[in-house]
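The structure appears below as structure tokens.
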């Protein structure tokens, strides 16, 4: 019997969130959302126990016999093909999971049989896949999706499938590692750039972008930082959007809450480069990554994505 449901799990730096997806209807099951806070510095068994807690809360919504599997939107470094955690102290999160076969350990903890599949995909790619499946880029032939938060996530999508190795996309099909100004893109298009820049200009340490944004109406330093951020982001993205011939750009991540402060400058920078594409803020938000990872259980999609996992 073909199973029509899949669980999508988003593994964040401090949480796990899960939903159930109806693969045939392309819909999220109402009230299936569950989340659990996670200490990413905890021991492996404690981390897995937290992940189990969220999954247990979601599983009862549909019987095990109806679940095709669980897809995980997982940050790197991770062996997505084999389900092995590759986190190290250099990443400063989940390093105690290093070397673990995550799926097999969770299968044991959850008491699930072999018919329930465990599959993994990069979190930024999962976000982009979710958006291209049922989100803002569902009607686009070629789309670029970015996430702006603690890091700079990105993916290039063509007909719903990530593009990782081709002349019109950067190496690995993502942007974070590319040179920009005095560093790499991730140094500039992430929360830490705002915190560092605001401290350099004012001597004050702010906890995050939200707090800096709250000052923008009365603080010229804050307002100018958002102008610089939006302009730089547009100048950086423009050439890649042109080369890929993207139809649309989808933006997600925590920073979208401040889009009214940097968005107009992003759009101006793109227009100066004659990049005229539709620009959307994600409405699925973090759910997009769960939707994208759940799609790993759709067999036609799996056949297309499986050969790409080792390159993420």
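The values are calculated or read from the model by the stated rules, or taken from the named source; none is laboratory data. Computed from a predicted model, the values in this text were never measured in an experiment. So basically every Cβ, Gly included, is an ideal-geometry build from the backbone, and we count neighbours across all protein chains shown.
Brief remarks on what is shown
- The residue that is farthest from residue 5 (Cα to Cα), counting only those in region 52-84 that are touching a strand residue (DSSP E or B) at 6+ places or on another chain (Cβ under 7 Å) and assigned to a loop (DSSP other than H, G, I, E, B), is 76.
- Residue list for region 27-38, filter: surrounded by 13 or more Cβ atoms within 10 Å (Cβ to Cβ) and more than 19 Å from the chain's Cα centre (by Cα): 29, 32
- Verdict on residue 23 being more than 23 Å from residue 253 (Cα to Cα), touching a residue at least 40 places away in the same chain (Cβ under 8 Å), surrounded by 18 or more Cβ atoms within 10 Å (Cβ to Cβ) and over 21 Å from the mean Cα position of the chain (by Cα): no
- Residue in region 214-233 that is within 19 Å of residue 156 (Cα to Cα) and either touching a strand residue (DSSP E or B) at 6+ places or on another chain (Cβ under 9 Å) or surrounded by 15 or more Cβ atoms within 10 Å (Cβ to Cβ) (or both) present: yes
- Members of region 111-132 that are in contact with a helix residue (DSSP H, G or I) (Cβ under 6 Å, 6 or more places away or on another chain) and free of Cβ contacts under 8 Å to residues at least 60 places away in the same chain: 118
- Count of residues meeting criterion [surrounded by 14 or more Cβ atoms within 10 Å (Cβ to Cβ) and either under 19 Å from the mean Cα position of the chain (by Cα) or outside any helix (DSSP H, G or I) (or both)] in region 242-280: 19
- Pairs with Cβ under 7 Å, 6+ apart, first in region 207-235 and within 11 Å of residue 189 (Cβ to Cβ) and in the same structural domain as residue 194 (by TED's automatic domain parsing), second in a loop (DSSP other than H, G, I, E, B) and modelled with pLDDT of 95 or more: 233/189
- For the condition in contact with a helix residue (DSSP H, G or I) (Cβ under 7 Å, 6 or more places away or on another chain), on the phi > 0 side of the Ramachandran plot and surrounded by fewer than 19 Cβ atoms within 10 Å (Cβ to Cβ), residue 204 does not qualify.
- Scoring residue 254 on the criteria (1) modelled with pLDDT of 95 or more; (2) under 18 Å from residue 176 (Cβ atoms) leaves a single failure, condition (1).
- Residue list for region 85-101, filter: farther than 17 Å from residue 46 by Cβ and not in a loop (DSSP other than H, G, I, E, B): 101
- Tally of residues being part of a loop (DSSP other than H, G, I, E, B) and buried (at least 22 other Cβ atoms within 10 Å of the Cβ) across region 287-312: 1
- Residue match in region 123-133 (condition: surrounded by fewer than 19 Cβ atoms within 10 Å (Cβ to Cβ) and out of contact with any strand residue (DSSP E or B) (no Cβ under 7 Å at 6 or more places or on another chain)): no
- Hits in region 70-114 (condition: at positive phi and surrounded by 17 or more Cβ atoms within 10 Å (Cβ to Cβ)): 83, 94
- Of the criteria (1) more than 30 Å from residue 158 (Cβ to Cβ); (2) surrounded by fewer than 13 Cβ atoms within 10 Å (Cβ to Cβ), which one residue 171 fails: (1)
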